[in-house]
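Here is the structure we will look at.
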Amino acid sequence: MELHKCRFKDLKSFTQNTFRFFLIAAVLETAVIPAYSASKKKNNSKSQTKITASAPKKSETAEQTETESKTDNSVENDEKTTISLPSKPVEKKRSFFYGINEQIVMDVEKGTPESIQKAMTAIRKNETDYTVQEKILIQIATEIMKQLWPSQKVNWQTFEVNEDNSYTGAITSAKNGIYDFNTGNTDFFTILLPTFVLLNPNAAINEADVLSDYYAASFEALQKAETMNADSVLPPYLMGKLYERQGKNGEASACYRQVYEKIPQVQEVYIAYARALSASGQSDEAYAILKGKMEGQTANNLQYLKQLAYIAFQEDKILEAEEYVARVLQQTPNDLEFVLFRAKILVKKNDYIHAVSLLDMYARQDNSSIDYLLLRAKLQLDWSKNISAANETVEKALQLYPGNEEALMLAAKISSITDSPVAGKYADELAAKVLEINPESIEARVYALDGLMQRENWSEAYEISKKIVTSGKASGDVVFAHVKNCIQLNKKSEALSIAETAYKEHPDDEKICQTYIYANAQAGQRDEALKIIDEMLVNASQKMKSYLYFQRSYLQFSEDLKLADLRSSLTQNPRNSEALLCLYEIYFDKKDYKKAQYYLRQVVAINPNDSSVRKLNEALTQLMK
């Protein structure tokens, strides 16, 4: 009986196990993803062994589906071991352009004229057969060509698509100068298209805060777009546009270089690359790139000729620049920008009469552009010598363009010449504003130095001149100014050291020679100064001899010898205002006002814009009444 019971139990156990085996097999056969027992799952997490099963075929019967549902995702055995079925696999999110061949979309994303043409050829079909998605993709491709590569032809059918989608909405917003923040950023184009605002020169032009937001958003979007499609030329090209707008021309040229290496034949690319190179101080390379493209229709392309003219002018190739400007004006004679450019070239060639004629013609249509005002002021200052008119023109420029660096610089120059304020500020104050914009400007430092020395602010003038001299970029005039500042502050040993070093490095520079003599004379080295003067008088030019006699007059002990040297100085150079002023001082001290006035009036005639000399003359005239 016991044996029978034992056999019964074995049979029962066998039946249960057999049932479990077939049930598990059925479950595994119908499962989409393999099931795991609790114990196996624990062990597999350590070994990282992955088990996969094929997905069910579409022809599975309803009975199989029902069997799956009845298992209820789990089966328990006697030992409470659970076999769990995974949830349904997550479907990949479909792109808006899911119905279009993926290669076509990728070709449009790539963004080169060639890849876009290829995509448009592949998508071509009967007009009635296009889907909405295809029409929108065609519109995107068309806008890329029109806005980025306008030199390329659009030879495919285009469609008007309503703006009730993220793509056309972003394009329209960008054309209106607005960055669209509401595209959803779901794919490459919804991220990229809002940055087309960078192609709009008028985007938020008077709203600095808004423009800053656009720049920040564009930078982030373009970085993200580049990670999504590294083969696309659109993100680096638009990033170049962004950097150019921010004045970061070195970074812009690096971005354009990436695009140029891929599509060097595209006109917009090599022009942008050359422009950025030129603006970042590599105009020789920029000029070589453009010159290498002068063939076929390109040779008469306006944008190409204009960029070539700008860079040739920057490279001081004046005759070549004039040729390119003439070719532009042959095609567009009313191009005011290039009418003004031609005037600028004529000024460079010292053809002032024809330059003035062009400026007058330009002024009849626009007399308030900054380029016109600056060129007019330079002509008034350097050619007609009409300081008053130049002053008035520059003040108008500063009123209209208060932060313009070139206008501030020109105003500082006029102030340093006249020792009078321009637009209410002296040379050093105007130069300080330039240095806020461009801290490395040596020219601005020189004008600041002039202004401070005119107002006898020796301490601040010394600090500026010292910086310029130690930078290694000091001209002879600046070295002389620094030595003079040292003398005024009783730093005679420094003055002598600076002058001696400069003289050893540039013994043939007349200004440096004058500085060395001046430093010795002022530092009490009379014998050394006289020795240098006598040695130089033998072979010196007339102008230099005039200075040597003038400087020797300071070292003479008797008045007769002093007067003799001053007269010798004027014999060599009758317009030596320093010698004339010295004679005025001698006769003024003697109370011989008539002779004093004779010499002082000559100084006024030589320096009519020097306000300090005019004041002396006015005071002397009053004294003689």
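Observations, loosely collected:
- The candidates Thr121, Thr515, arranged from most to least accessible area with a 1.4 Å probe in the full protein assembly, appear as Thr121, Thr515.
- Residue-level accessible surface for His506, protein heavy atoms, 1.4 Å, Å²: 90 Å²
- FRET efficiency, Gln147 to Glu463 (Cβ-Cβ, R0 51 Å, nearest 0.05): 0.50
- 12 Å reach of a label modelled at Asp213, 7 Å along Cα-to-Cβ, counting backbone N of the range 231-253: none
- Virtual spin-label span in nm between Gln223 and Phe557, 7 Å along Cα→Cβ: 7.8 nm
- Cα-projected label distance for Ser95 with Lys492, points at 7 Å along beta-carbon direction, nm: 8.4 nm
- To the nearest 10, the accessible area of Asp534 is 80 Å² with a 1.4 Å probe.
- Cβ crowding within 10 Å averaged over residues, with 102-109, 489-496 ranked highest first: 102-109, 489-496
- Sites listed here are trypsin sites (Lys or Arg not before Pro) in the range 563-598 whose DSSP assignment is loop and whose Cβ has at most 10 other Cβ atoms within 10 Å: Lys591.
- One chain, two ends: Lys615 and Ser357. Fully extended at 0.36 nm per residue, the span grows by 89.2 nm beyond their Cα-Cα distance.
- Within the range 536-555: backbone nitrogen closer than 11 Å to the Glu500 label point (7 Å, Cα to C-beta): none
- Mean projected area in nm² (Cα convex hull; one quarter of hull surface) for the range 354-405: 3.4 nm²
- Taking 37 °C and 0.692 mPa s as conditions, the range 279-377 diffuses translationally at an estimated 234 µm²/s according to Stokes-Einstein applied to its Kirkwood radius (Cα pairs).
- Value of Rg/Rh across the range 453-510 [Cα atoms, Kirkwood radius]: 0.95
- Simple spin-label estimate for Glu578 and Tyr598 in nanometres, 7 Å along Cα-Cβ: 2.4 nm
- Violating pairs (Cα-Cα greater than 27 angstrom) within the set Lys591/Lys615; Lys396/Lys433; Lys110/Lys153; Lys385/Lys467: Lys385/Lys467
- Cα centroids of the range 400-418 and the range 302-368: 23 Å apart.
- Placing a label point 7 Å from the Cα of Ile370 along the Cα-to-Cβ direction, the residues of the range 388-409 with a backbone N closer than 17 Å are 393-409.
The values are calculated or read from the model by the stated rules, or taken from the named source; none is laboratory data. Treat the numbers as computed from the prediction; the structure is a model and nothing was measured. Counting neighbours? That spans all protein chains shown, and the Cβs are built from the backbone with ideal geometry, glycine included. SASA here: full protein model, heavy atoms, side chains in, ligands and nucleic acids out. Shrake-Rupley method; radii C 1.70, N 1.55, O 1.52, S 1.80 Å.
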